[in-house]
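Q: Okay, here's the structure, questions in a sec.
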Amino acid sequence: MTDRSSDIDVRAITDDELADWQRALDTGFLTPPDITPEILEARRRRFVPGRLLGAFDAGRCVATFRSFAQEVTAVGGTPVRADAITNVTVSATHRRRGLLTRMMTRDLAAAKERGDVVATLIAAEYPIYGRYGFGAATTVAEWTIDVPRTGLDPRWAGPDDGGRVDLVYGEDVRKLGPELHERLRRTQPGVVSRDELWWQLHTGAVRFHATWKEPFYAVYRSAGGEVEGLVTYECDDTWGDAKQPLNTATVRRLIATTPAAERALWRYLCSIDWIVKVKSGGRAPDDLLPHLLPDPRSAAITTLADWLWVRLLDVVEALRARTYEGTGALVLDVVDRQGLAGGRYLLDASPQGASVEPTSRAADLTLDVGELASLWLGDASAVRLAALGRVREERAGAAHVADGLLRTSRRPWCPDVF
């Protein structure tokens, strides 16, 4: 078979090619490529010239790639400029021809040129993105709650702290949600920014698909009236043979800025008539959820996996942006096969701040840029990575020093998929 890869044109698409690009995207994600003019017009709102890439073979789009501007919260609450990557597909007819590599190389070079500090993505498949310098930086956990086993009082009628839970509508969420989310992302490492279109898409004001199922929304208000939590959920309609209700409430998203709000919203979900199971949606692996229930065993983990992947584009700025719980110094020899962020860097950190500078001093740790990305948000352990052979200690005990500096008391969490 003749390799015709050089005949395939990889480039930024034009506006009038969006429909062809969208059909290729839907095909790649095994979604029926049926696009109405209304849906295409809605999806055009995401069109940013130069940031939607396609691969074209004889005029047909056979691979897709999109990036957009994002901020991701570093440890300590500083928002960091990110190149968010999504909509990555290669048609089954054109795999193993280097198309993803060509698109990724082009996009990361442009992100570096713009001054983005990191790139981010949610990986559908684990093995793909490590070779481009990405590392898994957060973990996602999902629980299924067996409501009758929780030990909660089925007569529960609301929070006992003076707060209240209110049902609201999509238009209310578009007003209340953005400010709540901004408060969350000032404190939670791993949270990514949401623009106005995000809120419109997730409340049905703008629809990218022909089928939209309106969810339920509830907010928790503190005793002072401030919105401190928001949950979006849907319910099925399942009944047993003897007319027993066997319904499940599935959480699409739940964000909260206080433990009181978390407690109230989970208890609310478990108190809904006819609901015997609650599926939590994606949570941090150290989420409070199980221990907010009298019997934590009633919440069983059904998913535990990698979630947000990060690629460092500027090691100095990424390490400067975050805070540190310990005090110490490390020389990191960062290997980057793409040549975007490699080098040797001296990190001198304390709770009062950190300096990061290129250095010629002997390295304490040698690691791939993807492994440093896994450590950056505080989720991974350098000691564990060293045991796996993915980090090399050049000075005995350096991995322990790295953990003392980089790990966090609570694990990072990204509540979104993009």
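Q: I need the semi-axes of the equivalent ellipsoid of the stretch 80-176: take the C-alpha gyration tensor, multiply each eigenvalue by 5, square-root it, list largest first in whole angstrom. Could you put the intermediate results ahead of the total?
A: Working: eigenvalues 371, 80, 41 Å².
With the √(5λ) rule applied to the stretch 80-176, the semi-axes are 43, 20, 14 Å.
Q: Nearest 0.05, what FRET efficiency do His400 and Phe216 give at R0 = 51 Å with Cβ-Cβ as r? Show your work: numbers first, answer last.
A: Details: r = 48 Å, r/R0 = 0.93.
Here the calculated transfer efficiency is 0.60.
Q: What part of the accessible area of the stretch 300-339, given as a whole %, is carbon or sulfur when the probe is 1.4 angstrom?
A: On the way: 860 of 1640 Å².
Roughly 52 percent of what the probe reaches on the stretch 300-339 is carbon or sulfur.
Q: Pop out the carbon and sulfur fraction of the accessible area of the stretch 143-205 as a percent, whole number, probe 1.4 Å.
A: Numbers: 1650 of 3390 Å².
Its accessible area is 49 percent carbon and sulfur atoms.
Q: Rounded to the nearest 0.05, what FRET efficiency do Thr105 and Tyr126 have when you use their Cβ-Cβ distance and R0 = 22 Å?
A: 0.60
Q: Let me ask another. Residue separation times 0.36 nm, minus the C-alpha to C-alpha distance between Leu176 and Ala58: what's the value? Please list the in-between numbers first.
A: Values: separation 118, 0.36 × 118 = 42.48 nm, distance 4.83 nm.
Result: 37.6 nm gained on full extension.
Q: Using amide H atoms built in the peptide plane, which far-off residues or other-chain residues are under 5 Å from Ala354 H to H?
A: The answer is none.
Q: Would you calculate the separation in nanometres between label points at Thr258 and Asp9, each defined as 7 Å from the Cα along the Cα-to-beta-carbon direction?
A: 5.9
Q: Can I ask one more? Subtracting the Cα-Cα distance from 0.36 nm times the residue separation, let me have the gained length for Arg155 to Val335 in nm, one decimal. Don't jump to the answer; show the numbers that get you there.
A: On the way: separation 180, 0.36 × 180 = 64.80 nm, distance 5.85 nm.
Gain on stretching Arg155 to Val335: 59.0 nm.
Q: Below 12 Å, Cα to Cα, which aspartates and glutamates can Lys213 reach? Residues fewer than 8 away in the same chain don't count.
A: Filter leaves Glu234, Asp236.
Q: Another question, if that's okay. Which of Ala305, Ala74, Ala396 moves most in a GNM of the chain, Cα contacts under 10 Å?
A: Highest fluctuation among the options: Ala396.
Q: Would you mind counting up the charge near His400? Only other residues with Cβ under 15 Å from its Cβ, with Lys and Arg at +1 and Asp and Glu at -1.
A: On the way: positive: Arg384, Arg392, Arg395, Arg407; negative: Glu325, Asp364, Glu393, Glu394, Asp403.
Its environment carries a net charge of -1.
Q: Something else about it: Would you kindly state how much longer the chain becomes between Phe29 and Ala387 on full extension, computed as 0.36 nm times their sequence separation minus their alpha carbon distance, in nm to one decimal?
A: Between Phe29 and Ala387, full extension yields 125.2 nm more.
Q: Continuing with this model, one more query. Any idea how far apart Tyr169 and Gln244 come out in nm if each label point goes 7 Å out from Cα toward Cβ?
A: The modelled label-to-label distance comes out at 3.8 nm.
Q: Moving on. In the stretch 94-160, if the dipole is taken from +1 on Lys/Arg beta carbons and -1 on Asp/Glu beta carbons about the Cα centre, which of Leu99, Ala123, Thr138 is farthest to the positive end?
A: Towards the positive end, the residue furthest out is Leu99.
Q: Continuing with this model, one more query. Roughly how many Å is it from the Cα centre of the stretch 91-156 to that of the stretch 289-357, as a whole number?
A: Using only Cα atoms, the two centres lie 16 Å from each other.
Q: I would also like to ask the following. From the phi of every residue in the stretch 241-247, what ³J(HN,Hα) in whole Hz does the Karplus formula 6.51 cos²θ - 1.76 cosθ + 1.60 yield, where θ is phi - 60° and glycine or proline is x?
A: So the Karplus estimates, Gly and Pro as x, are 4, 9, 6, 7, x, 10, 7 Hz.
Q: Residues of the stretch 63-128: accessible area per residue at 1.4 Å, in Å²?
A: Working: 2740 Å² over 66 residues.
On a per-residue basis, the stretch 63-128 sits at 41 Å².
Q: A further question on this structure: Among Leu288, Leu319, Leu367, which one shows the biggest mean-square fluctuation in a GNM of the chain, springs joining Cα atoms closer than 10 Å?
A: In the Gaussian network model the winner is Leu288.
Q: May I ask you to list the lysines whose Cα is less than 18 Å away from that of Lys175, ignoring any residue fewer than eight positions away on the same chain?
A: By straight Cα distance, Lys175 reaches no lysines at all.
Q: Also, quick follow-up: Taking only the alpha carbons of the chain, what extent do you get along each of the three principal axes, in Å, biggest first?
A: So the three principal-axis extents are 65, 57, 39 Å.
The values are calculated or read from the model by the stated rules, or taken from the named source; none is laboratory data. The model shown is predicted, which means the values in this text are computed figures rather than measured ones. Glycine gets a Cβ as well: all are built from the backbone with ideal geometry, and neighbour counts include every protein chain shown. Keep in mind that these areas ignore ligands, DNA and RNA; they rest on the heavy atoms of the full protein, side chains included. Shrake-Rupley method; radii C 1.70, N 1.55, O 1.52, S 1.80 Å.
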